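Here's the structure we're looking at; comments come further down.
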Amino acid sequence: MDHEKRSFRDLLLLYATAFLRALSTGLIGVLLGIYLAKLRFDAAQIGYVIAAGLAGGAVATLLVTLAGDRFGRRRALRWLALLGGLGGLAAAFASGFPAILASAMLGMLNGMGRDRGAALVLEQAILPATATNESRTKVFAWYNIIQDAGHALGSLFAGAPYFFRAVLPVEEITSFRLAVGLAAALILFTAVLYRKLSPAVETSASERHKAPISPETRGILLRISSLFAVDALAGGFLVSSLLSYFFYQRFGVNEGAVAVLFFSARLLNAFSHLGAAWLAKRIGLVNTMVFTHIPSSVFLLTVAFAPSFPVAVVLFLLREGLVEMDVPTRQSYVMAVVRPEERTVASGVTHLVRVGAWAVAPSFAGALMQGVSLGVPLMIGAGMKIAYDLLLYAAFRRAKPPEEAAGAGTA
C-alpha cells in the first residue's frame, strides 16, 4: 500500500473513531446530570462527579503528553478506549456516590458533551501527517464536523431511556443505566478500530529521541496555554451535563426535550466548522477564533436571563451556531506553529491545561447552582470567555501560520 493510500485509510479510521467517541460523549453529556439527579444526587454532588471524570481525563492527557509517543500511539489509544469503556460500564451499574465518583475518574467520564479527552491529543498529532499545509485546516474542519455529527446523534440518543422503557419491561432508573451502558459500549468498539491503524501513525525512532520542544515552541506554548486555561476554566462552568441540568431544573423540561435541544445544537456546531475553514482562508485563523467566539458568549449570557424555555432555546442555538468555529482553527493553528516532531507534546500540553481547568470548575458550578442560582455559572463562564478572546487577539494577532505568512510575503 503506497503512502497516499495508507494515509487516507488512517484518516478514515480516525474519522470513524472520532465519530463513535463523539456519539458516546454526546449521550453522556446530556444524560449524566439528569441520570445523577434520578439517583438522588444534589447539584453539588453532580458537579463533583463531572469534575472527577474530567480529572481522570486530565491525568490520562498528562500521561499521553509525556509518554504517548514512546509507549506507542496505537497502543495508547487502545488502552484509553478500554479504560473509558470499562469505567463507563461501572458507572452504569453503580449507585452510591463514592462508587460513581471512582467510576467517573477511572473511565474519564466526559460530562463536557464534547470530545476533548486524551485520545484527541494523539489523533490530532497524527492528523497533520495525512494532509498538506494547504489542506490541514480542511482536514481538521472535517474531523470536527464528523465529531459534531456524532455529538448531535449522541445527544439525540439521550432520549434512549424513553425507548428502553417502551420496548423493555424495565423501571425508569434501569432505562437510564442501559443508556449509560450504551455509551460505554461505543467507546469499547473504538479499541477494535485502533488496531487497524498502520505503523505510519507512530513517530520515528529519530523523532522520539529529539528534544521534546524547542525554546521557541516552549515560549509559544506557555503563552497560548495560559490563555487556553482561562477559556477552559470558563468552559468548565458550561459543561453540557450542567447545562442540561439547568434546562431540566429551570424550565421543568424532561430528558427528551433536552436531548432534542442538544441534537440541534450539535448540528449547528457541525455546520459551523465548514464555515470556520472558509472564513479562516479569508481573514486568518486567529481572527476567526476571536470574532466568532465573542458573539457566542454574549448569546450565552442572555440564556441565563431567558424568561421561558422557547426563548432560552433560541438564544442557546444562536450561541451554538458560533461557539465551535474556533475549534478547528485553534487546532490547526497550534499544529502549524510547531515542528512535526513536537506535535504530540504541543497537542498534549494545550489539551492538558484545558482538561485540567475543566476539571476544576464543575465542582464550583454545581455548588453555585445549589447555593446561589442556576444561572450564575452561565454568567461567570460567558464573562471569562469574552476576556479570553480579547487577550488572545492581543497576544497572537501578528503570529501567522506558514500558509498565512507565505500569502503575506507574496502580497
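The values are calculated or read from the model by the stated rules, or taken from the named source; none is laboratory data. The model shown is predicted, which means the values in this text are computed figures rather than measured ones. When we count neighbours, we look across all protein chains shown, and the Cβ atoms used for this are built from the backbone with ideal geometry, even at glycine.
Observations, loosely collected:
- So Ala183, is it under 24 Å from Gln147 (Cα atoms), outside any loop (DSSP other than H, G, I, E, B) and modelled with pLDDT of 90 or more: yes
- Scanning the stretch 268-279 for residues that are crowded, with 18+ Cβ neighbours inside 10 Å and over 21 Å from the mean Cα position of the chain (by Cα) yields one hit, Leu279.
- Considered as a group, the residues in the stretch 99-126 that are free of Cβ contacts under 8 Å to residues at least 60 places away in the same chain and not in a loop (DSSP other than H, G, I, E, B) include one that is farthest from the chain's Cα centre (by Cα), and that residue is Ala99.
- Whichever residue in the stretch 146-174 is more than 17 Å from the chain's Cα centre (by Cα) and under 13 Å from Ala259 (Cβ atoms) and, among such residues, is surrounded by the most Cβ atoms within 10 Å (Cβ to Cβ): Ala158
- Condition met for Met325 (crowded, with 20+ Cβ neighbours inside 10 Å, over 21 Å from Gly111 (Cβ atoms) and out of contact with any Asp or Glu (no Cβ under 8 Å at 6 or more places or on another chain)): yes
- When Gly107 is tested against (1) under 27 Å from Leu242 (Cβ atoms); (2) surrounded by fewer than 22 Cβ atoms within 10 Å (Cβ to Cβ), only condition (2) is not met.
- Taking each residue of the stretch 375-387 that is closer than 9 Å to Phe237 by Cα and looking for partners that are in a helix (DSSP H, G or I) and β-branched (Val, Ile, Thr) with beta-carbon atoms closer than 7 Å, six or more apart or interchain, yields Leu378/Val303.
- Just so you know, in the stretch 79-98 the residues that are part of a helix (DSSP H, G or I) and of a type outside the set (A, V, I, L, M) include one that is surrounded by the most Cβ atoms within 10 Å (Cβ to Cβ), and it is Gly84.
- Reported count of residues in the stretch 64-73, each being more than 18 Å from the chain's Cα centre (by Cα) and buried (at least 18 other Cβ atoms within 10 Å of the Cβ), is 3.
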